[in-house]
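In what follows, a single structure is set out as structure tokens and then discussed.
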Amino acid sequence: MHGTRARHVTLSRAAAASDQSAGRIGPNAIIQTAEALRLLRGEEDARRVFAAARLEPYLTAPPADMVDETEVIRLHRALRATLDDDAARVVSAKAGQLTALYLLTHRIPAVAQRVLRLLPARLASRALSRAISAHAWTFAGTGIFTARPGRPTVYEISHCPLCRGQGTDHPICDFYAATFETLFARLVHRNARAREISCEAAGASACRFVIDW
């Protein structure tokens, strides 16, 4: 089991501790949600959602650095409050897919991607899970990420920021599920699928994602 809370291998310990205490999340959680809204719902709905989250300035000046996790929490609450449930889930999933594609284009070296694709899926899933665990601070904020590699691979996020303070009768962390699925489909096995089997918003102890192929 790999557990991590706001820790990054390339930062100094002091910097990592600072980001942990502040509850910071990478800007793609906001940038790609805006892009997904524009693609799927249009500019008007994008402005409605971001205005409800009190984040409308980000539509014209997207964040360039890590953002306070409370902004991401507000955005996902506003998404569900402004759109109906089905539409919010589709937008959230699209944002997760776009985030994964951004990581593949700009953050994961091409050489590393080629190596992962050449490995047997079980080994590739373990290597990818180690990388995701090492960078969990960029998407989990003050949440705690845990990985159990294998087939299937199981990820958990407790104190999950995306559904914090929300109550539903079904899982709603489509952003994370789509991000994991896209990364696994591109790097581990083309038939990889990710699904959230339990969610804190529905009363579970953690948000759990199962990835299989």
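The values are calculated or read from the model by the stated rules, or taken from the named source; none is laboratory data. Here the structure is a predicted model, which means the values were calculated and not measured. With ideal geometry, Cβ positions are generated from the backbone for all residues, glycine too; neighbour counts draw on all protein chains shown. Areas reflect the complete protein model, heavy atoms only, side chains present, ligands, DNA and RNA absent. Shrake-Rupley method; radii C 1.70, N 1.55, O 1.52, S 1.80 Å.
Here are some notes:
- If the condition is being farther than 18 Å from ILE211 by Cβ and not β-branched (Val, Ile, Thr), then the stretch 125-142 contributes TRP137, GLY141.
- Subset of the stretch 17-39 (residues that are open to solvent by less than 50 Å² (accessible area, probe 1.4 Å) and modelled with pLDDT of 95 or more): ILE25, GLY26, PRO27, ASN28, ALA29, ILE30, GLN32, THR33, ALA34, ALA36, LEU37
- Breaking point among (1) of a type in the set (Lys, Arg); (2) over 19 Å from GLY141 (Cβ atoms); (3) crowded, with 16+ Cβ neighbours inside 10 Å, for ARG74: (2)
- Within the stretch 67-79, residues that are in a helix (DSSP H, G or I) reach partners that are open to solvent by 20 Å² or more (accessible area, probe 1.4 Å) with beta carbons closer than 6 Å, at six or more positions or on different chains, in the pairs ILE73/ARG164; ALA78/ALA52.
- Being of a type in the set (Lys, Arg), surrounded by fewer than 21 Cβ atoms within 10 Å (Cβ to Cβ) and at pLDDT 95 or above is a description that applies to ARG148.
- Scanning the stretch 40-58 for residues that are surrounded by 14 or more Cβ atoms within 10 Å (Cβ to Cβ) and under 18 Å from ARG80 (Cα atoms) yields LEU40, ARG41, ASP45, ALA46, ARG47, ARG48, VAL49, PHE50, ALA52, ALA53, LEU55, GLU56.
- Search result, residues across the stretch 154-169 that are open to solvent by 30 Å² or more (accessible area, probe 1.4 Å), at pLDDT 95 or above and not acidic (Asp, Glu): SER158, HIS159
- Filter pass, THR182 being in contact (Cβ under 8 Å) with a residue 40 or more places away in the chain and either part of a loop (DSSP other than H, G, I, E, B) or under 13 Å from the mean Cα position of the chain (by Cα) (or both): yes
- Residue list for the stretch 185-213, restricted to those being in a loop (DSSP other than H, G, I, E, B), surrounded by fewer than 20 Cβ atoms within 10 Å (Cβ to Cβ) and touching an Asp or Glu at 6+ places or on another chain (Cβ under 7 Å): ALA206
- Screening the stretch 59-71 for residues that are over 23 Å from TRP137 (Cα atoms) and hydrophobic (A, V, I, L, M, F, W, C) and picking the one that is least open to solvent (accessible area, probe 1.4 Å) gives LEU59.
- Residue in the stretch 116-138 that is in a loop (DSSP other than H, G, I, E, B), open to solvent by less than 30 Å² (accessible area, probe 1.4 Å), small (Gly, Ala, Ser) and in contact with a strand residue (DSSP E or B) (Cβ under 7 Å, 6 or more places away or on another chain) present: yes
- Annotation note: Cβ proximity below 7 Å between a residue of the stretch 37-51 that is closer than 14 Å to SER92 by Cβ and a residue that is of a type in the set (S, T, N, Q) and surrounded by 16 or more Cβ atoms within 10 Å (Cβ to Cβ) (sequence gap 6+ or interchain) occurs for VAL49/THR82.
- Residue match in the stretch 81-90 (condition: closer than 19 Å to HIS170 by Cβ, open to solvent by less than 30 Å² (accessible area, probe 1.4 Å) and assigned to a helix (DSSP H, G or I)): yes
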